[in-house]
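Step one of this worksheet: look at the structure below.
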Amino acid sequence: MAKDAEATGTARREGLAQRRKALGLTQEDLAGLLYVERSTVTRWERGETEPLPWIRPRLAEALQVSADRIEELLDGGGLADSARRAGRGRGVAATKVPRQLPTAVAGFTGRAAESAALTQMLENAEPGVPEICAVGGTAGVGKTALAVQWAHQAADRFPDGQLYANLRGYDPDQAMPATDALAGFLRAFGVGDQDIPPEEDERAARYRSLLAGKKVLILLDNARSVEQVLPLLPGSPSCAVVVTSRDSLSGLVARYGAARLELDLLPPAEAVGLLRALIGRRVRDDPGAAGTLATQCCRLPLALRVAAELAAARPDVPIAGLVAELADHRRRLDLLDAGGDPRTAVRAVFSWSYRHLGPDAARAFRLAGLNPGADFDPYSVAAVTGTGLGQARKMLDALVRAHLIQPTGPGRYGMHDLLHAYARELAGASDDDEEQNAALTRLFDHYLHAASMAMDTLYPAERHRRPRIGRPATPVPPVTSSAAARDWLDAERATLVAITGHAAGHGWPAHAVRLSAALGRHLDNSGHYSEALTVHSHARAAARRAGDRAAEATALNYLGGACIRQSRYQEAVGHQQQALALLQQVRDRTAQGQALNNLGTIDHFQGRYREAVDLKLQALAIFCETGDRAGTAHALTGLGLSEERQGHYDLAGRHHRQALTIAAAIGASQSECGSLVSLGAIAARQRCYQQASGHLYRARAISRAASYRAGEADALARIGDLRLRQGYPDDAARYLREAVDLYRELGSRSGEADALNSLGEVLLATGRHSRARAEYAAALGLGAQTGDKYQQARAHHGLGHACRAGSDPGGARRHWQRALALFAELGTPEADRVRAQLAAAQDHSRPKQQTSR
């Protein structure tokens, strides 16, 4: 993240924390005053989340400041204004203000006229339409550097956030699809993966709705074409877009009125000025030679920086000596054509710098360029080169000094797209196909083994379901602790997705299939559903081409699971049915159990509880037959959930206890947490409050230890229900609001609807009827979006009570009738209770009718 964006975030965090400390309050003290968890206050002060609108007045009161002052403490106007405009409506609301601009380039000089022109173009944009400016120019001319530098300077004009995407239009591999860029932007605003629509048009509509009325800057870097850019354009005139591209993007100018800024080569004085800033005294001592060196680099900033780094690495060589050396090298390599294309000069400078590398560093540069990912670490470089970790680090240091790669984060490195292409070109010329294939095989083996190790650390109960990967000869990253495993998977997630796609399409189908099988559980549990769909789709295609029906079925099972998470039930059914057909052919009983279990989950979410129970029982029988204890625990938990919905509490409890025993024995924390939450809910219904409390607080502790955030949200929601039953509505509201907050972060609409319905019950119990109606209405909308009839029925039931409390018996009757119809359709015990309420309401109305007569 950019330095000024970091400073802004730090100031925001410190403002809130300093005010709290000035009052002598700990985080726990403030949490107690607000009826929230201490972790919520911690996330506010870290800038990870923001207080929701309903809690801000209470926060202002607790900190003894005005409402306006609390907004200033949160963000000096930016974060707060965004939140006020966003409100609470889902699909538009955002809980985060993105600050995605990359770090400005060090030693940026010149381009003052272009920066001013960029500002002027945006200020002169046509009223009523978004401001759009296309920055063009040849490769290496400094388009990205200028755009990022200007964006940092203009950031204060866009308090609702700055978005950035490298569209990789000219990378050696495939450019970034607009659908992926849209998903990244939606996530930046706090939209969970489960809420990100699958299709590009739907994502673009959601993105435009989210930006409506906001002042946001969007920087689209390295665009290849107008078609790649169009879905990423906002509709709001308060936004601004800067696009960099080697293409003229004439369609963007003609159809959308974009201003165009064409970057030329640096003027001679500015080119020498950049060399002076990077090299220092030797440029001042020999300005004539410095001018010649700038000319040899065609006054392209990228070439100038590479040349300056080589000069800095050789402090005893005068600039004139470097000029002579480069001139001779260019002649020998004959890299300049008669037309004087500046790009050939860039290659000449790259070649000059490359020639001064030692043989090991030169080989590392070539082979690192083969990595399909956007960045890499020392372990992956050790793998692709077949060397040790210490040697890999030395080679990386040499490449950084030569300015052929640049750090992208702690222990991570990347290449400019021109350098990436140049590295691959060198590999093609210097390393035969056998050596390149061997290097990529070592690299893919490394990622596959490290991913498998990390998964075994995080999810040991399902180790038997994942492919066993032999230890490679190259160094392995330390992923034996949960924190290290999770950090590695998060850091490498984009690279793992890219490698799966490359392996699937370029002759390593087994690696693609095994990566999909290894990563499936983590992508699902961590909520990265878009990446899951991409990885498993690549694996399925690779398996089909290889004729591996078992692997194709495994990928289909994971695809079905990802679709279930996104409420795409028809697609999920299709994937699972295809998987079952293949699995019957290959006779993989365990995988058949997984497919049946997923089909049962689909039936459960669609309210077909009896069918869900039948499918879960079939899956359970298979898991017991094959000795799959993780599958057995998972199936028992799902079976108990469907039985609980039908009111079979004793039977559900028995199945949950069986699941709990197995899950605890094998370390299946997700199943353990789920069973405890359900046992707690059943105990609370049966008024066994002490037992319920033990189950639910244990579930919360397990979920937090395992970083299983969905399980933590489930536990919080049920603890809220329990505290209401125990007569502590304020406690109940605190837990339920924490659950709502967490569900929203996760993008779990069904979970959010559940918690909102429970919050409505708390508000009704405390006489806040209008607030209760708002929560029930929000839950009803979410239930309709996801097709969750049970939550819709709960919302109608609650709205009926709210109407009755508000002296609207007609509205109460209509909502209860709708609730009764839904509960009866679902076959749940709530139907009898609503039926009795309707009868009582009708009896109560009869005397009034007789009196009126």
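Using the Karplus curve 6.51 cos²θ - 1.76 cosθ + 1.60 with θ = phi - 60°, work out ³J(HN,Hα) for each residue of the range 447-459 in order, rounded to whole Hz, and write x for Gly and Pro.
5, 5, 5, 5, 5, 5, 4, 4, 5, 5, 5, 7, 10
With everything on Cα atoms, drop me the angle between helix 3-22 and the longest principal axis of the chain, reported from 0 to 90° to the nearest 10.
40 degrees
Rounded, prolate or oblate, given the Cα gyration tensor of the range 653-770, with a/c below 1.5 counting as rounded? Present the calculation step by step, with values, prior to reporting the outcome.
Working: a/c = 2.40, a/b = 1.46, b/c = 1.64.
Because a/c hits 1.5 or more and a/b fails to exceed b/c, the range 653-770 counts as oblate.
Arranged from highest to lowest average of other beta-carbon atoms within 10 Å per residue, in what order do the peptides 586-599, 464-477 appear?
On the way: 586-599: 21.6, 464-477: 15.8.
The most tightly packed comes first, giving 586-599, 464-477.
Taking H placed 1.01 Å from N in the peptide plane, check which residues at least 5 places from Val241 or on another chain put their amide H under 5 Å from its amide H.
Those qualifying (amide H under 5 Å, at least 5 residues apart or on another chain) are Glu131, Ile132, Cys133, Ile218.
Name the residue farthest towards the positive end of the dipole of the range 483-626 from the options Leu515, Ala562, Gln584, assuming +1 on Cβ of Lys and Arg, -1 on Cβ of Asp and Glu, about the Cα centre.
Of the options given, the answer is Gln584.
Which residue, chosen from Thr661, Leu426, Pro102, occupies the Cα position most advanced towards the positive end of the dipole of the chain, where the dipole is computed from +1 (Lys, Arg) and -1 (Asp, Glu) charges on Cβ about the Cα centre?
Thr661
What FRET efficiency comes out for the pair Ser225/Asp397, r = Cβ-Cβ distance, R0 = 35 Å, nearest 0.05? Walk me through the intermediate numbers first.
Details: r = 38 Å, r/R0 = 1.07.
Efficiency, rounded to the nearest 0.05: 0.40.
At R0 = 22 Å, how high is the FRET efficiency between Thr661 and Gln577 if r is their beta carbon distance? Nearest 0.05 is fine. Show your work: numbers first, answer last.
On the way: r = 33 Å, r/R0 = 1.49.
Once the sixth-power term is evaluated, E becomes 0.10.
How large is log10 I(q)/I(0) at q = 0.18 Å⁻¹ when the Debye formula is applied to the Cα atoms of the range 513-664, each weighted equally and without solvent?
For the requested q values the scattering log ratios are -1.06.
Pick the calculated Rg and Dmax of the Cα atoms in Å for this structure from [x] 30.3, 112; [y] 31.5, 96; [z] 29.0, 102?
Here Rg and Dmax of the Cα atoms in Å agrees with entry [x].
Take every DSSP beta bridge with both residues inside the chain and express the antiparallel ones as a percent of the total, to the nearest 5. List each step's numbers first, then the result.
Details: 5 of 26 bridges.
The antiparallel proportion sits near 20 percent.
Skipping prolines and chain starts, which residues have an amide H placed within reach, meaning under 5 Å, of the one on Glu262, given they are 5 or more residues away or on another chain?
Sorted by chain and number, the residues that satisfy this are Gly136.
With the contact rule set at Cα under 8 Å and sequence spacing of 6 or more, what percent relative contact order holds for the range 589-648?
Numbers: 66 pairs, mean separation 22.2, N = 60.
Here the relative contact order equals 37 percent.
Magnitude of the Cβ-charge dipole of the chain, K/R +1 and D/E -1, about the Cα centre, nearest 20 debye?
Its charge dipole is roughly 2120 debye.
What is the angle, in °, between the Cα long axis of helix 143-154 and the longest principal axis of the Cα atoms in the chain? Nearest 10 is fine, range 0 to 90.
That helix lies at roughly 60 degrees to the long axis.
Based on the mean of other Cβ atoms within 10 Å per residue, sort peptides 520-529, 388-397, 425-434 so the most packed one is first. Present the calculation step by step, with values, prior to reporting the outcome.
On the way: 520-529: 22.0, 388-397: 17.6, 425-434: 13.4.
Result, highest mean first: 520-529, 388-397, 425-434.
Tell me the relative contact order for the chain as a rounded percent, counting alpha carbon contacts under 8 Å between residues six or more apart. Intermediate results must be reported in sequence, preceding the final value.
Numbers: 1401 pairs, mean separation 63.3, N = 853.
Result for the chain is 7 percent.
With the cut-off at 1.5 for a/c, could you classify the range 538-588 from its C-alpha gyration tensor as rounded, prolate or oblate? Kindly include the intermediate steps, with their values, before the conclusion.
Working: a/c = 2.73, a/b = 1.59, b/c = 1.72.
Oblate, because a/c is 1.5 or more while a/b does not exceed b/c.
Residues of the chain: accessible area per residue at 1.4 Å, in Å²?
On the way: 34230 Å² over 853 residues.
Computed with neighbouring chains in place, this is 40 Å² per residue.
So how much slack lies between Ala824 and Glu434, counting 0.36 nm per residue of separation and subtracting their Cα-Cα distance, in nm? Walk me through the intermediate numbers first.
Details: separation 390, 0.36 × 390 = 140.40 nm, distance 6.69 nm.
Roughly 133.7 nm would be gained on extension.
By how many degrees, 0 to 90 and rounded to 10, does the Cα axis of helix 287-296 deviate from the longest principal axis of the chain?
Computed tilt is about 60 degrees.
Would the range 591-728 count as rounded, prolate or oblate if I go by the C-alpha gyration tensor, calling it rounded below 1.5 in a/c and otherwise prolate when a/b exceeds b/c, oblate otherwise? Intermediate results must be reported in sequence, preceding the final value.
Values: a/c = 2.01, a/b = 1.47, b/c = 1.37.
Prolate shape, in that a/c is at least 1.5 and a/b is the bigger ratio.
What ranking, highest mean first, results for peptides 574-585, 451-462 when packing means the other Cβ atoms within 10 Å averaged over each residue? Please report the intermediate quantities before stating the final value.
Values: 574-585: 19.3, 451-462: 21.1.
Ranking the peptides 574-585, 451-462 by packing returns 451-462, 574-585.
Which cross-chain or sequence-distant (5 or more) residues have an amide H under 5 Å from the amide H of Gly257, H modelled 1.01 Å from N in plane?
When sequence neighbours closer than 5 places are left aside, there are no close amide H contacts.
What is the range 724-803's relative contact order, in percent, from Cα pairs under 8 angstrom and six or more apart in sequence? Walk me through the numbers before you get to the answer.
Numbers: 98 pairs, mean separation 21.9, N = 80.
Reported relative contact order: 27 percent.
Got a sec to turn the phi values of the range 568-584 into Karplus ³J(HN,Hα) couplings, 6.51 cos²θ - 1.76 cosθ + 1.60 with θ = phi - 60°, whole Hz, x for Gly and Pro?
Computed from phi, the couplings for the range 568-584 are 9, 5, 5, 4, 4, 4, x, 4, 5, 5, 5, 4, 4, 4, 5, 5, 5 Hz.
Can you give me the distance in nm between label points at Gln726 and Ala327, each placed 7 Å from the Cα along the Cα-to-Cβ direction?
So the label points at Gln726 and Ala327 sit 8.6 nm apart.
Of the accessible area of the chain, with the probe set at 1.4 angstrom, what percent is carbon plus sulfur? Mind showing how you got there, number by number?
Values: 17000 of 34230 Å².
Looking at the chain in its full context, I get 50 percent from C and S.
Rank Ser250, Leu232, His797 by how far each Cα sits towards the positive end of the charge dipole of the chain (+1 on Lys, Arg Cβ; -1 on Asp, Glu Cβ) and give me just the farthest.
Ranked along the dipole, the leading option is His797.
Assuming R0 = 25 Å, what is the FRET efficiency of Ser209 and Arg157, from their Cβ-Cβ distance, to the nearest 0.05?
Values: r = 22 Å, r/R0 = 0.89.
Efficiency computed from Cβ-Cβ geometry: 0.65.
What full-extension length gain, to one decimal in nm, is calculated for Asp285 and Gln64 as 0.36 nm per residue of separation minus the Cα-Cα distance?
Numbers: separation 221, 0.36 × 221 = 79.56 nm, distance 6.17 nm.
Here the segment from Asp285 to Gln64 would lengthen by 73.4 nm.
Between Glu625 and Val317, what length comes free when the chain is fully extended (0.36 nm per residue of separation minus the Cα-Cα distance, one decimal in nm)?
Details: separation 308, 0.36 × 308 = 110.88 nm, distance 7.59 nm.
Extra length available between Glu625 and Val317 comes to 103.3 nm.
The values are calculated or read from the model by the stated rules, or taken from the named source; none is laboratory data. Small disclaimer: the values here were computed from a predicted structure and weren't measured. Note that we place each Cβ from the backbone using ideal geometry, even for glycine, and neighbour counts take in every protein chain shown. Side chains included, ligands, DNA and RNA excluded: accessible areas come from the protein's heavy atoms. Shrake-Rupley method; radii C 1.70, N 1.55, O 1.52, S 1.80 Å.
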